[in-house]
Amino acid sequence: MIYLVSRSTLFLVDLNKMRFNYCSISISLLLSCLPLKPVIAEELIVITAKDNPVNIAIADVARIFLGKINKYPGGEDVIPLNLNPADPSYDNFARVVLKKTPSQLRAYWAKRVFTGKGRPPKVISTTEELLELVSKDKRYLSYIDSEGANHNVRWVIVIKNNDS
Amino acid sequence: MGLIDWCKGHILQIYSRGFLLAGLVKFLLAYMFLIGAAKSHAALSHNINGYGTIGVGYLNDDSVNESDGVPHNLFDRGVQYDVDSRFGIQGTVAHDNGLGFTGQLVALSSEDYDVDLEWSYLHFNYANNLTIRAGRLRRPLYLHSDYRRIGYIYPWARLPAEIYSDDIRFASSIDGLDIIYQFNVSQWDFNAEIYYGGTSGRDITFGEGYTTRDDYGLVLDVGNGLVFFRLGYHRSPRVEIEPLESTQALFDGLTFAGFSEVASDLSISDLDVEFYDFATGITYGSWFVNAEIVNYRTGGGLIPDDASWYINGGKRFGRFTTHISFSERRRRIKDTFSPPIHAQIEQLTPLAGNPVVDATIAGLTGLAQGVKSAVDDVKSKHQSYTLGLRYDFNKPMSLKFEYQQIHDKDNKLRNDLFSVTFDFIFGGSK
């Protein structure tokens, strides 16, 4: 880190008129040397259709996504939908809401899948498709990061992202 | 034998084995047919999921395995690649209405990769609370029994041998019916499972083959995400074991000599076996502790009773998990045979002096000694201490390093087992 900063300093030390740029370049070089964190949005939003007035606790959202309950608190059917596992919000949701690491979640579903006791929620490949589906049917329950969310769906719960 | 030679040998074995090829081909054809049906029918979905383990182990000495005639594990002395390695593949076709079919093929290196259809069942899911399965299923005897093939799920390189061994293979699967009812009471999730069926197979520790009828069991488990409890009771009331040639010769000899009652008492066919299981565990943040205790009673005969338990605890550090376990097995045969033999000897002793009587007494004494020796041989106490380290990759794969000390407490023997296993799972829904 210091090596790169000193290199940039040497390179720019002759360019008087570039003094301002020297500052910003060295700062960005400094920052680029820090360990990269995956870009996660500030918040995770649990979403459903606009015409679904349901109130649901985070603990129940977790149990729905773990296949332990399949009804909303009011008794209506609920169908959970997962994001693509490649999306960083998938792991984020697992950690924050389901309280499992990605490998613990895989082991959890492997136990069920290979003994015929259950299947994980359906995976929707793109966020556009997900938002489209969720907005159309109030049985669908899903989650998305605040960057990707729109207002065609109802934001049921907003979960602040804690760095953990 | 080097690793390269082992790989070559096993790959050749796999591809040249008629069974494996035929089995795979049949499975794939059936599956493709079902997928074809699924694709043309919007309400059908299909999945392929699979798993595997590649493992190598080094056992420094097999004295414990040899000590009581029934091996503690499948290892021989030295380095082995063909104990833990195994692969499985599962195909499911399901309709939106909840009805589906699943088949799972398994190939174990310890069985020369002979492909076995371990699961093959119709399933119906009603309202997500009720699951009914009919066909061939693995029996949910103990906590990890029905998913014991999938190494990725549990922290150990292999499940504690004191409980999860092949000695009770006659109780590892059923062809029958299984019902699971799932419900919750506030934060507690309950699962109640009940099943009924029978099975048959070959290659069992104590005999040539086995057939069981009217097997049943009940499992109740409850958890709240932090702590769980599991209670199970299982029974195999009519287990028929085809005795090994040597054992059959012994029974024939006894019957011929006029001891048919003793022979039938000693007989290992027609058993009524009961299994009891209790398991519990806590997961608190990155810490976890689990324990399980089991008991099975074979209701007499030459097959022993076992009382076993283990405790396992560990902590996760990011992608690493370290854990430590202690497990124990106490095995014994309930000796109901010696008393009648001794009673007979007592009856005949006053008549001693007559050469025929003397010969009979000598024969009976020899028999009593033989029975006592067999009972003493089987009586054993084994303990294992295990230390393990697991690394989880970004993908669904894990690498485990494990050191295990196996003790035969009665004979004061100790063996060390080192293992490295690589586990993976794959597949998804469509």
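What to note about this one:
- Principal axes of segment A:45-115: Cα extent on each, largest first, Å: 34, 28, 18
- Based on C-alpha pairs under 8 angstrom that are at least 6 apart in sequence, chain B has a relative contact order of 14 percent.
- Dipole magnitude for segment B:297-430: computed about the Cα centre from +1 point charges on Lys and Arg Cβ and -1 point charges on Asp and Glu Cβ, it is near 960 debye.
- Between segment B:125-147 and segment B:310-374, the alpha-carbon center distance in angstrom: 36
- Extent along the principal axes, Cα only, for segment A:68-163: 39, 35, 24 Å, with the longest axis given first.
- Percent RCO, i.e. relative contact order, over segment A:56-164, from Cα pairs under 8 Å lying at least 6 residues apart: 31
- Average silhouette area of segment B:337-402, convex hull of alpha-carbon atoms, in square nanometres: 7.8
- Ranking B:Ser380, B:Asn394, B:Ile361 by how far each Cα lies toward the positive end of the dipole of segment B:352-397 (charges on Cβ) leaves B:Asn394 at the top.
- Sparsely packed trypsin sites (Lys or Arg not before Pro) within segment B:320-373, loop by DSSP, other Cβ within 10 Å at most 16: B:Lys334
- Candidates B:Pro396, B:Pro304, B:Pro243: whichever shows maximal mean-square fluctuation once chain B is modelled as a Gaussian network with Cα springs under 10 Å: B:Pro396
- Loop-located GluC sites (Glu not before Pro) in segment A:71-152 (DSSP state not H, G, I, E or B) with no more than 14 neighbouring Cβ atoms inside 10 Å: A:Glu76, A:Glu147.
- Remark: the B:Ser373-B:Leu389 segment gains 1.6 nm on full extension, using 0.36 nm per residue and subtracting the alpha carbon distance.
- When chain B is treated as a Gaussian network with alpha carbon springs shorter than 10 Å, the biggest mean-square fluctuation among B:Leu351, B:Leu143, B:Leu389 belongs to B:Leu351.
- When the Cα gyration tensor is reduced to axis lengths a ≥ b ≥ c, the ratio a/c is 1.5 or higher for segment B:145-209, and with a/b not above b/c it is classed as oblate.
- For chain B, the convex hull spanned by the alpha carbon atoms encloses 168 Å³ per residue.
- Candidates B:Gln404, B:Gln187, B:Gln248, ranked by Gaussian network fluctuation over chain B, Cα under 10 Å, top entry: B:Gln187
- Of the DSSP H helices in chain B, those whose Cα atoms cover at least 24 Å axially and whose Kyte score averages 1.6 or more: B:18-39
- Size of charge dipole - chain B - debye, nearest 20, with Cβ of Lys, Arg +1 and Asp, Glu -1, no other charges: 1780
- Per residue of chain B, the DSSP helices (runs of n ≥ 4 H) give a summed -39500 (n - 2.57) that works out to -7000 deg cm²/dmol at 222 nm.
- Taking Cβ atoms as reference points and 11 Å as the exclusive limit, the residues near B:Arg238 contribute a net charge of -3, counting Lys and Arg as +1 and Asp and Glu as -1.
- For segment B:151-249: rounded, prolate or oblate by the Cα gyration tensor [a/c cutoff 1.5]: oblate
- For B:Gly88, net neighbour charge (Lys/Arg +1, Asp/Glu -1) across residues whose Cβ lies under 12 Å away: +1
- Size estimate for segment B:277-429 follows the Kirkwood approach: the inverse of mean 1/r over distinct Cα pairs works out to 19.8 Å.
- Cα gyration tensor, segment A:88-127 - rounded (a/c under 1.5), prolate or oblate: oblate
- Restricted to Cα atoms, segment B:121-169 shows a radius of gyration and a Dmax of 13.7, 39 angstrom.
Throughout, read-outs are computed from the coordinates displayed, never taken from laboratory work. Please read these numbers as outputs of a predicted model, since none were measured by experiment. Virtual Cβ from ideal backbone geometry, glycine too; neighbours counted across all protein chains shown.
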